[in-house]
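To keep things clear, I will list the structure first and then write my remarks on it.
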Amino acid sequence: MKLTGLIIILLIPATLFAQEFYTVSGRVTEKSTGEDLVGATIILEPILKGTVTNNYGFYSISAEEGSYRIRVSYVGYETVEKNLVLTGDIKLDIELIETSIELSEVIISAIRSDRNIAEAEMSIDRLDIRQVELIPVLLGEKDILKTLQLLPGISTASEGSTGFNVRGGSIDQNLILLDEASVYSASHLAGFFSVFNSDVIKDITVYKGGIPSLYGGRAASVIDITMNNGNNKQFEGRGGIGLLSTRLSIEGPIINDKMSFIISGRRSYADIILKTMPGDILESGTKLFFYDLNAKLNYTASDRNRFFLSAYLGRDVFGYEQYGMDWGNYTGTFRWNHLFSDRVFSNASLILSDFSYGFNLDRNIVYDSGIRDYGFKDDFTFFLNPDNTLKAGAELHYRLFNPGSLVSSESSEFDIVMEKKKALETSLYIHNKQTINKAINASYGLRISSFNQFNNMDSSRLYFIAEPRLSFNLRLNEKSSLKVSYNRLSQYLHLLSNSTAGQVTDIWIPSSEKIRPVITDQLATGYYRNFLDDIIESSVEVYYKNMNNITDFEDGTDILLNENIEDNIISGKGRSYGAEIYIKKNLGRLRGWLSYTISRTENRIEGINEGEWYPARYDKTHDISVVVSYDLTKRLSLSSAFVYATGNAVTFPSGKYLLNGKVIPYFTERNGYRMPPYHRMDLSLRLKGKEEKRFKTSWDFSAYNVYNRYNAYSIYFRKSESNNGKMEAVKLSLFGIVPSVTFNMDF
Amino acid sequence: MRKLFTIILIISFVLISCEEVIDINLNDSSPSLVAEANIRLSQPCIVKLSYTSNYFDTLESVYEENAVITVFDSEHREDLLTYQGNGLYSGEIVHGLPGHTYTLTISVGNKEYQARSTLYSSPDLVELTYEKLDIPHYTEETLYTVKSVIVDDIFNENYYLFRYYRNGDLLDDYYSTYSDRFLDHDTIVYNDFRLSFYQGDTVKVELFSIDKEVYNYFNLMNDMLFSAMTSSTPFNPESNFSNGLIGYFMAASTDNESIIIR
């Protein structure tokens, strides 16, 4: 509790509202569409005090009476500068114009940013959605989750998968938020494609460490995804036809500058194509597709009140005659932005999120499982004075867990219905961003959460966890800084999974008397340096993470419909440490990044590996990504991505024995072997059509795994048919070279 | 346009997924003792002792030839097993009787391993039937599933192990296990959907009545043999022997039936 005391002391000067300051506040939007720009930088010269716009494009900055020059910049947009005289509070909305990427040299000076070295937060990445679009991917489906995996500290759970591990955390430790709603299963088609349609996504921010206390609930990372609001000036459409899916989105104003919408859909159509082909490749009655629908409506009621309604619905459907399987998520968020004053911004959100999975064996035997989450968040931002921005708020989640039920409509005798669970998670947080002096700024806060199940008193337990979050930035000079952060994160949800990559059959369960919440503590430090007038950013970060109450199963545990599952769960500790090097060039004709991670992740669980430390399945010593895009001409750009990673840790047999005449493998240590190293290069070429006034087209040609390396997806052992009963190892590979073509249009 | 997409789509899927035999280095493992011990109704106890070998070794099995093995029944009758060669030891005096619990002790050097197993009365496999298997598959031939009809004792928990033979050959990819813990029917119809047969196959089902520990062992063995498919971590099934001995001691009674799929 010493820490809390320290924070309170630090907060005292901040709470004194200094009256000699005046405030400039407003929204930063994109000129052509009216979209809020998230994370635009606002700087007051000559005092060089700055701030950034929040998730709704709002900013507020205070200064003493006087004359200033305000500079508003955002990567990829022309910087706007204005003179202002502060003699009272000013409301100033600013519109920025997008610069075309092709015009390299001229723009460079205008759009550089030194945010990475100026801010206290570390281990954060903001993905530029325009960069995501250029990166080559499997079957041409642009995918933000796969792009994330190319960043340092984030590794792919398995080939082609959207599942990922952040700094030694398991895949269920990532909080994936779509307009504040947690998405519980973010993949389609056995994990190969994510549920996020990049046409409707505005901003993606990834927190790997130093996570602000605003966020909580998962133990490794936060992926905060914001959907577009919809153009409030004119109607606009966008679409694409690819090998796997077709997508279309339409946006436009309902009331000019006041109310707009965006609606977007995507559907895969392998089933439709296969059905129309000669020679029944797909028998009639077969269903095999997924779809996503995104919609958002926003209404600016007044200068002080804005409303947003976002919705997402996506499902995978697989069926053959009377057998069927389907799964998916739906989420909905209603938000109300309210300005109490120029210096007090608030947002209240009502959130719904649901994931369900089901199959039917024939028409009358039905299985289903899932989770539903009703959430409420209330967040206040106090722009106290030029040096302090304080956030405080509350978050509440009421969750319903359906761990699975198998029900027959004919007779109830075989029915297995697992007890549904209900749980409440409540959190309160406070967080301050403070400029201590010219060289040091800090971001610190505390989140307190509580959790309990309340329909099952025997197995329930009330938990309270206090999570301090601190990061400090020491600015060494114009070009470099040093940062340190510590954070504690807790997680009251546990994903029961037999695989590393995540499957739709995985089941979420709440913490209980037996299964204690996961708690991770992470300490990280980093050195940041920019080169060539901030065109090239580089960083080196090292981290150490300690994980408590991570879980595994006793050998041979059935996950499906196991009423005693809690007795089969064993828990222990984990630790992860590593270093990450990141060099990035955001601007110019040649853009891209290089990331290298060296790390180690180990677990120690009583009952596994004789209680000794062993490498986690997803422990990868080396993980390298190189992403390069080059604009050959104004209309033609070439991109490539190369990845190299140490193979996953696996358990292979070290011995064998015969039992009933059959060869049985004998295992000596957990995860004591390595899969072969994984490497792959993808290429893509984007050809833009001639620009016409209201119609833009482009073609994407891409090849996944261009040098056709058969990377090991899994290795299994069998008796050789040719070689006299000798055992042999067989490597299973999923993808050789996979070419694809996508046609995109904007109208 | 659609033609182009179709062609590329086909190419994409053809190139997906491939298998290849590779060389891989596995660590040597020190030899550990493995026991395969059985006592069947009205028969003496038979034990086979061998050692684990390195995974890729093709050498003959190494047997333990100097073990001292004894078996007791519930009435303390004792039998000292004698070595027959090839790792096999057999008893003479104690024969399997329903309701008896057998205690097997194996001494090798200064190490002693012990297991207990209870013998239940013969299961009653009444008949086999078959029917068309109506699941998605990509062969021309019709698949059949074979159902075993068992008369079950509803007053006690029963544990069953099934072994299948196709045209005389044992299908040893995995084991089928079944327990009546959740049912109180006097007739059980059991089929394992993982196994399918073709027209003309002669199918033999061998049914064992076993105790709970042996049932658990074969269940774990099943999970382990299947783990390569589910990508979960493989493990050594926990034996009913003490002291870390690999293998099992199974007291069992059996019944069998055959059927030809026409």
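Computed from the coordinates by the stated procedures, all read-outs in this text should not be read as laboratory data. Treat the numbers as computed from the prediction; the structure is a model and nothing was measured. Neighbour counts are summed over all protein chains in view; Cβ atoms, including those assigned to glycine, are modelled from backbone coordinates with ideal geometry.
So for each of A:205-212, A:657-664 I average, over its residues, the number of other beta carbons within 10 Å; can you give me the resulting order with the highest mean first? Walk me through the intermediate numbers first.
Values: A:205-212: 23.8, A:657-664: 16.5.
Descending mean neighbour count gives A:205-212, A:657-664.
For chain A, the longest principal axis of the C-alpha atoms and the axis of helix A:2-15 are separated by about 30°.
On a full-extension model of 0.36 nm per residue, what is the gain between A:ALA466 and A:GLU692, subtracting their alpha-carbon distance, rounded to one decimal in nm? It would help to have the intermediate numbers written out before the result.
Details: separation 226, 0.36 × 226 = 81.36 nm, distance 5.69 nm.
Length difference between fully extended and current span is 75.7 nm.
Can you return the lysines within cross-link range of A:LYS719? Criterion is Cα-Cα under 26 Å, with same-chain partners fewer than 8 residues away left out. Cross-link targets: A:LYS656, A:LYS662, A:LYS731, B:LYS48, B:LYS204. The simple Förster model, with R0 at 45 Å and r as the Cβ-Cβ distance, assigns A:LYS31 and A:TYR630 a FRET efficiency of 0.95. Considering helices alone, the calculated mean residue ellipticity of chain A at 222 nm is -1500 deg cm²/dmol, with DSSP H runs of length four and up weighted by -39500 (n - 2.57) and normalised per residue.
A simple packing score, the average count of other Cβ atoms within 10 Å per residue, orders the peptides A:339-349, B:72-82, A:445-455 as A:445-455, A:339-349, B:72-82, with the highest score first. The mean number of Cβ atoms from other chains found within 10 Å of a Cβ in peptide A:553-561 is 4, as a whole number. Stretched out straight at 0.36 nm per residue, the stretch from A:ALA439 to A:LEU560 would grow longer than its current Cα-Cα span by 38.0 nm. Packing-based ranking of A:619-630, A:473-484, A:221-232 yields A:221-232, A:619-630, A:473-484, ordered from highest to lowest mean Cβ neighbour count within 10 Å.
Per-residue mean of foreign Cβ neighbours for A:659-672 is 6 (Cβ atoms of other chains, 10 Å radius). Given a Förster radius of 22 Å and the C-beta distance between B:GLU75 and B:ILE46 as r, what FRET efficiency does 1/(1 + (r/R0)^6) yield to the nearest 0.05? Here the calculated transfer efficiency is 0.60. For the listed residue pairs A:LYS438/A:LYS483; A:LYS91/A:LYS391; A:LYS422/A:LYS514; A:LYS146/A:LYS483, the alpha carbons are over 18 angstrom apart in A:LYS91/A:LYS391; A:LYS146/A:LYS483. To make sure I understand the rule: partners must be lysines, Cα under 20 Å from the Cα of A:LYS287, and not fewer than 8 residues away in the same chain. Which ones qualify? Of all the lysines, those that pass the test against A:LYS287 - Cα under 20 Å, at least 8 places apart if same chain - are A:LYS275. Peptide A:189-197 is shielded by partner chain Cβ atoms: per residue, an average of 0 of them sit within 10 Å of its Cβ. Per-residue extension of 0.36 nm, minus the Cα-Cα distance of A:TRP699 and A:LEU474, leaves a gain of 76.4 nm for this segment. Extending 7 Å from the Cα toward the beta-carbon at both A:ALA579 and B:LEU171 defines two label points whose distance is 5.6 nm. Applying a threshold of 27 Å to the alpha-carbon distances of A:LYS296/A:LYS420; A:LYS377/A:LYS479; A:LYS202/A:LYS258; A:LYS296/A:LYS585 flags A:LYS296/A:LYS420; A:LYS377/A:LYS479; A:LYS296/A:LYS585 as lying beyond it. As a calculated quantity, the FRET efficiency between B:ASN27 and B:ILE154 at R0 = 45 Å, using C-beta atoms, amounts to about 0.35.
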